[in-house]
Amino acid sequence: MTGPSTAIPVHPVLRWTLVAGALAVTAASLLILGTPAALFILPGIVLAAVVAPRMISRPALVLAGFLLIAVNLDHFRMGGAGVSADILLSAVLVYGLVVRAGLRRTERGWRTPAVSWIEKAFAVYLGFTFLSVVLSVSPLESVKRFAREIEYLIIFAFVLHAALEAEDRNRIVKAIVWSSLVPCLLGFAGLAFDVPSLLGRMAPVGQERFVARISSTLSHPVTLALYLGVTITLSISLFLEGKLFRRRHLAILLAIQTAALYLTYGRSGWIAVFAALVALLWLRGRKKLVLLGIPVAVAALLVFLPEFRERWTPALEATQENSMLWRVSLWLHALGVFTERPFFGSGPGTFLEHVAFSRGYASHQTWIGLLVETGVFGALAFLILLLTTLRSMWKAFQDRLPGRDPVLEAALASWIGFTVASLASEPFGLPSVVIYLWVLAALGLRGRIESQA
């Protein structure tokens, strides 16, 4: 027998009133905003009411939930205002983390954590970037980008210094790995059923031949490829360790991730993954595999996957589809524009309209983009931040030897891979990529910070 029910009875009139009110709010949102994204407003309100108490008691759990879906959020935009679910939810998350940190200051025995060199370098970079925002040719766009940078610093500092249990750390790691499943499967579905919103612009392969490429819920196929560069590197590192996940589960997920990476036909993403994989295997002492296995694997790709081989052809031939030629032309033109505002630049997020090259291109190169948008001082400050981050992770890696931390190794390898990719793309300017990079770096560095405390 079961005990008496403890559920609180709800009068039918009240129940149907609540249902009618919910439908009325949803209908009004659809009419006012004129977008299907309005369907997510009411569930979002309910979700916020449920999550808010957890933000105070278990903020790491909320962060893990956010990372699980964050990669898909930019796909949902509210009307023509350019405001996405990504911006809204990340703002709420950051506000919650700040509130939680403020509440913790009142707890007995709490002490201010030591500020890492990365956070100091980040603050210097933000200082110079703020001057670029003040002098921006498009202040609203620059303020939005600047707020993003502050968000990354807050999330990095929280993960680095928060009192996380081993279970919390594992949840965040698992959330990053499994976050790749939905965009990969949606990308396959978009290709199978020819869904334009899940596909990118056709990619040239060889002479007058094009192939469809997936972008899934991300803004561009290359963005998806670079995001997968983070999750694939982490998945491989965890697979080699064989503790947090069962290897057969990771093997299936890796196959899905790799297939999606290939179908993006994003060469910058391929380069990032290749460089990160080389770095990861080298860090794990698999030097023979790097020197022998990887060249054999690349040769096999070139022989058995003609689209992979032909995807590089446009960059080597003198045709209208030669991506390297127009990139060089873009960069030369951008450097000419840079000399007009050399010190603090045109402002974060203004490259497209300020440079105005041809039909409109992003910088396709991190450092020239930074020179144009933030000037010499901002670009130099970001270089110092990047080198400080790499140096800190390298020191943490050396401190852990002979013990191993697959998360730290994946973080260091990912940052190395994206540093290489930054010469031909903008990985550090993509929110769906950068947020995972900073969280991984913080997770990897926690052991070193704790040992110094």
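Relative to the current alpha-carbon distance between K395 and E307, full extension at 0.36 nm per residue lengthens the span by 27.6 nm. Protection proxy ranking of 220-230, 431-441, 389-399, 281-291, by the mean of other Cβ atoms within 10 Å over each peptide's residues and highest first, is 220-230, 431-441, 389-399, 281-291. Once Rg and the Kirkwood radius are both taken over the C-alpha atoms of the range 327-443, their ratio Rg/Rh works out to 1.06.
Cα convex hull, the range 240-317: 110 Å³ per residue, rounded to a whole number.
Excluding same-chain neighbours fewer than eight residues apart, the lysines reachable from K288 by a Cα-Cα span under 29 Å are K243, K395. Model label sites at A362 and L292, defined 7 Å from Cα along the beta-carbon direction, differ in position by 4.0 nm. Shown in residue order for the range 188-201 are the 3J(HN,Hα) couplings computed by the Karplus curve 6.51 cos²θ - 1.76 cosθ + 1.60 at θ = phi - 60°: 4, 5, x, 6, 5, 10, 6, 9, x, 5, 9, 10, x, 5 Hz (x for Gly and Pro).
For F210, the amide hydrogen comes within under 5 Å of the amide hydrogens of V205, counting only partners 5 or more places away or on other chains and with H modelled in the peptide plane. Here each label is just a point 7 Å from Cα along the line to Cβ, and for L380 and V182 those points are 4.3 nm apart. The alpha-carbon of K287 sits under 19 angstrom from the alpha-carbons of these aspartates and glutamates, leaving out residues fewer than 8 places away in its chain: E241, D405, E409.
For the range 264-271, putting each phi into the Karplus relation 6.51 cos²θ - 1.76 cosθ + 1.60 with θ = phi - 60° gives couplings of 6, 6, x, 5, 4, x, 4, 5 Hz, in residue order, rounded to whole numbers and with x for Gly and Pro.
Per-residue 3J(HN,Hα) values for the range 134-141, derived from phi via the Karplus relation 6.51 cos²θ - 1.76 cosθ + 1.60 with θ = phi - 60°, read 4, 9, 5, 7, 9, x, 5, 5 Hz in sequence order (x marks Gly and Pro).
Residues with amide H under 5 Å of G345's amide H, sequence separation 5 or more or different chain, H placed in the peptide plane at 1.01 Å from N; which? Result for G345 returns G375, V376.
How high is the relative contact order of the range 251-355, given as a whole-number percent (alpha carbon pairs under 8 Å, six or more residues apart)? Spell out each step's value before the answer.
On the way: 34 pairs, mean separation 14.6, N = 105.
It comes to 14 percent, rounded to a whole number.
If you take the beta carbon distance between A259 and A166 as r and set R0 to 22 Å, what does 1/(1 + (r/R0)^6) give as a FRET efficiency, to the nearest 0.05? According to the calculation, E is roughly 0.10.
Just so you know, all these numbers are worked out from the coordinates, no wet-lab data involved. Quantities reported herein were computed from a predicted structural model and do not represent experimental measurements. Don't worry about glycine lacking a Cβ; one is built from the backbone with ideal geometry, like all the others, and counts go over all protein chains shown.
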